[in-house]
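To keep things clear, I will list the structure first and then write my remarks on it.
Quick note: the coordinates plus some simple rules give every number you see, no bench work behind them. Everything numeric here is computed off the predicted structure, so don't read it as measured data. We place every Cβ from the backbone using ideal geometry, glycine too, and count neighbours over all the protein chains shown.
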Amino acid sequence: MIRDAFRVLKMDLSEGRGQILMLDGRDAYAGGSGLAALLFENFGRIDQSWDAPEQPLIFAIGPLTGYFPLMSKTVCAFKSPYHDQYAESHAGGRSALAFRFADLDALVITGQAPRPSCLAVGNHHIDLRDVHYLWGQDVDATGKMLRRTYPGSGHRSILRIGPAGENRSAMAGINVDTYRHFGRLGGGAVMGAKNLKGIVIEGDAAFPLPGGKTYRGLYEDIYAQMTATDMMSKYHSLGTAANLEALNALQSLPWRNLQQTTDPAITGVTGERFADATLLRNAACAGCPVGCIHVGFVREKFMAANQYLYRQVAYDYEPIFATGTMLGVTDTFAVLGIMDAVEKMGLDVMSAGVALAWATEATEKGLISEKETLLPLAFGEAPAFKEAVGHLARGANNFYRLLGQGTLKAAKVYGGNDFACVLGQEMAGYATGEVFYTAQSLGFRHSHLDTGSYSYDQKHDEKDVGKVIDFLVADERERVLLTAMVSCLFARGVYKYDRLAECLASLGYGTLADNMAAIAGTIQQKRWQLRLATGFRPDAVRIPRRFTEVTTWKGQTDSRYLDRLLSAYGAAIAAIARPESSSEIRP
Ligand code: SF4
C-alpha cells in the first residue's frame, strides 16, 4: 500500500520510548537521501557536536524499495565524527527489505541508552535490551549472539558495531548482515556514542503488491534486463575485483601509499586470482538477482597443531585495494586475512587501509617509529598490518587514537601531510586523474560513487573546466534521484529517468513520476544546504601533494588544472545550495 506521508519511527534511547510519526513531504523528497535530509532538518542539531545525545541517527528507504529488483539499499544519515558535518552512508544486505516489511519508511534514533543496548524494531513493537555483555566483543561474535537472541526469518536484518564504534573511531562502520556496511564517515561511532551495540529490524508484516498487468509486466521486463542480458553480468562473474588488473594497466591503481600507480606484482591479486584461489560462493542483497558479493575464505591456525578454522570473508575491488595494493600485500590469502581483521573490528576498510599505508610510509621516512606503531610496519608485511588493525580500532595508544580520527589529524601532529592519501576522507582506489581527485575531495559522501568522475578521467583527454563541472553537477543530480529511491548504484544503467517514472507510476506515485527532475534538484540542494550549514567549506579543501606527483597513462597530474577544477566545483556546490538556485534538471 503506498502512502503520501512517510511513516517514521522515532526512538528516544534516553527515555526508552518510541513513537510513530506521519510526515508530509513525499512529493518533494521522495525517500532515501531526500527523506534523510528532511529528517535531519527536522531533528538534527546543526550547532551541536556529532556526539551530542540529541543528534539523530537516521535510516531511510525509498518508494520503490521492495517492489523492484536492486531497490535494495538503505540510506544512513548522521552528523559525522570525521568532520562534524552532515553525512550519508549507504548499505544493502537485508536492511531495506526488512524496513519495508516492518512498514517503516525511516527510523530516527536520538538520545543515549543508559547501558550498552540493542534496539529491535518491527511493525508494531520496539524492544530496547541491555546487552552490556556484548560490549568489547567483535562484530563476528556480536552477530552470532544477536542472531540467537533475535531468531527470525529472512526479513530480519541485523546491524552491529565492533570495538572501533565503541571507541568512537571516526573510521568505524556499521556492519549490516555480515557482508554489507555503512562504512564511511563514522556511522559506527555514532552508534557507539549512543551506547547502541546493535539494531535489529524485524520485518514482521506483509505488504501487498499492485494487482493488474502493468506492474507485473514492468517487473518482469526489468528482471530480464538484469539477468538475461550482459548489463549486470560483470558484477556477478569476477565482480568489481576485475578492476584491479584494468586500473593497474591504466597506471591508476594506488600501490604502497600511492608511491606507484602500477606494479607487475598485480598478478598476485587480480580478480581472476581471487576467484581461482579463494572464492567460495556469491551472495546477494535481499531482492537482488545479480549477486555481486564474492565470499572467499581464509584459513586460520586454531589452537592445537593441525587444527584449522575456515572463515568466510567478502571481497570486492575497494577492500582489495585498501588491504592489498595500498599496503603492498600481494598474496590473496594474506589480503583476506587483513580484511577479516578489519571486519571483526568494525572499521571501514578503505579508511583503515589508507591510514595504515600512511603510517607505513611515515615509518619509512622516520617521522614515527615502533614507539607509536607498537610493531614494525613495512609494506608487504601482512601479519603486522593484521595486528595494527586491532590497535587502530581499539585506540591502543595516543598515536592510534589520533589516526582513528583521520590520517590528516595524525599528520598534523607527526608530519607527513604531503603524502596523506586523503580526498575529503581516506581515498578510494582510483588514481585516475584530476577530475576524480576534485570530485572525491568535494563530493557529498567523498565517495567514488558520488559521480562518475573516475570514468570521466579515463575517457577525456581535453582540459575543459566548464564541461567537467557541468558533468559533475548533472551526474550527481541523477545519482541523487537513484539514492532517493533507493537503488543500488550498480543498476544505474537500467534505472534511467523513463524507467524510474514507469516504476513510480505503476505503484501509484504519479506526482513523483511526473516531477522527477525537480525532485532530484530539490534533494541535491537540500543535502548541500545541510552540509554547508554544518560547517563544510569547499574553498578550504586542499589536495595533498602526493596526488600531484602521480603519473597515470595520461602523464603527470596537472596541478594548475587541478586547482582550477577545485575552485570551480567548490563554487558550483555553493551555487547549488543558494535558495534561489534553480532545481530543474533536463532528464
Ligand atoms: S548488485 Fe551487489 S550491492 Fe547491488 S544490490 Fe546486488 S548484491 Fe547488493
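Per Stokes-Einstein, at 4 °C and 1.567 mPa s, what whole-number D in µm² s⁻¹ belongs to region 181-248, with the Kirkwood radius over Cα pairs as the hydrodynamic radius? Can you show the working numbers first?
Values: Rh = 17.0 Å.
Translational diffusion coefficient: 76 µm²/s.
Adding -39500 (n - 2.57) for every DSSP H run of four residues or longer, then dividing by how many residues the chain holds, sets the calculated 222 nm ellipticity at -12000 deg cm²/dmol. Expressed to the nearest 5 percent, the antiparallel share of DSSP beta bridges inside the chain is 85 percent. Computed over region 230-415, relative contact order equals 17 percent, with contacts defined as Cα pairs under 8 Å that lie 6+ residues apart. In region 203-354, Rg over Rh equals 1.09, where Rg is the alpha-carbon radius of gyration and Rh the Kirkwood radius from pairwise Cα distances.
Quick check: residue separation of residue 5 and residue 48 times 0.36 nm, minus the Cα distance between them. What number comes out in nm? Each step should come with its number before you reach the end.
On the way: separation 43, 0.36 × 43 = 15.48 nm, distance 2.88 nm.
Here the segment from residue 5 to residue 48 would lengthen by 12.6 nm.
3J(HN,Hα) couplings calculated from phi for region 262-269 with the Karplus curve 6.51 cos²θ - 1.76 cosθ + 1.60 (θ = phi - 60°) are, in sequence order, 7, 7, x, 5, 4, 4, x, 9 Hz; Gly and Pro show x. For region 490-527, the residues whose amide N sits under 17 Å from a probe point set 7 Å from the Cα of residue 246 along the beta carbon direction are 490-494.
Run through every distinct alpha carbon pair of region 6-202 and return the Kirkwood hydrodynamic radius in angstroms, one decimal place. Mind showing how you got there, number by number?
Working: mean 1/r = 0.0620 Å⁻¹.
That comes to 16.1 Å for region 6-202.
Place a label point 7 angstrom from the Cα of residue 331 along the Cα-to-Cβ direction, then list the residues of region 359-384 whose backbone nitrogen is under 18 Å away. 376-384, by backbone N distance to the label point.
Take peptides 223-230, 166-173, 258-265 and line them up by average Cβ neighbours within 10 Å, highest first, as a rough protection proxy. Don't jump to the answer; show the numbers that get you there.
Details: 223-230: 13.0, 166-173: 28.4, 258-265: 17.9.
Packing order, densest peptide first, comes out as 166-173, 258-265, 223-230.
Using the Kirkwood radius over Cα pairs, work out the Stokes-Einstein diffusion coefficient for the chain at 4 °C and 1.567 mPa s, in µm²/s as a whole number. D, rounded to a whole number, is 54 µm²/s. Each residue of region 205-220 was assigned a 3J(HN,Hα) from its phi angle through the Karplus curve 6.51 cos²θ - 1.76 cosθ + 1.60 (θ = phi - 60°); the sequence is 10, 10, 9, x, 8, x, x, x, 7, 4, 4, 4, x, 5, 4, 5 Hz, with glycine and proline shown as x. Given R0 = 25 Å, the distance between the Cβ atoms of residue 216 and residue 511 translates into a calculated FRET efficiency of 0.65. In terms of packing, defined here as the mean over residues of other Cβ atoms within 10 angstrom, the peptides 401-413, 432-444 line up highest first as 432-444, 401-413.
If you bin all the Cα-Cα distances of region 444-505 at 5 Å, starting from zero, the percentages per bin are 3, 15, 27, 22, 16, 11, 4, 1, 0.
At each listed q (0.11, 0.18, 0.20, 0.21 Å⁻¹), what is the log10 of I(q)/I(0) that the Debye formula gives for region 426-577 modelled as equal alpha-carbon point scatterers? Normalising to I(0) and taking log10 leaves -0.46, -1.07, -1.25, -1.33.
Taken over region 403-494, the convex hull of the Cα atoms encloses 115 Å³ per residue. What is region 287-435 by shape, rounded, prolate or oblate, if you read a ≥ b ≥ c off the alpha carbon gyration tensor as root eigenvalues and call it rounded for a/c under 1.5, prolate for a/b larger than b/c, and oblate otherwise? Here region 287-435 falls in the oblate category.
Could you tell me which of the pairs 194/409; 194/301; 365/386; 144/194 are separated by over 26 angstrom between their Cα atoms in the structure shown?
Values: 194/409 24 Å; 194/301 36 Å; 365/386 22 Å; 144/194 22 Å.
Cα-Cα > 26 Å for 194/301; rest within.
The charge dipole of the chain, taken about its Cα centre with unit charges on the Cβ atoms of Lys, Arg (+1), Asp and Glu (-1) only, comes to about 880 debye. With the Kirkwood sum run over all distinct C-alpha pairs, region 97-256 has a hydrodynamic radius of 18.4 Å. Ordering of 562-570, 385-393, 128-136 by packing is 385-393, 562-570, 128-136, highest average first (other Cβ atoms within 10 Å, averaged per residue).
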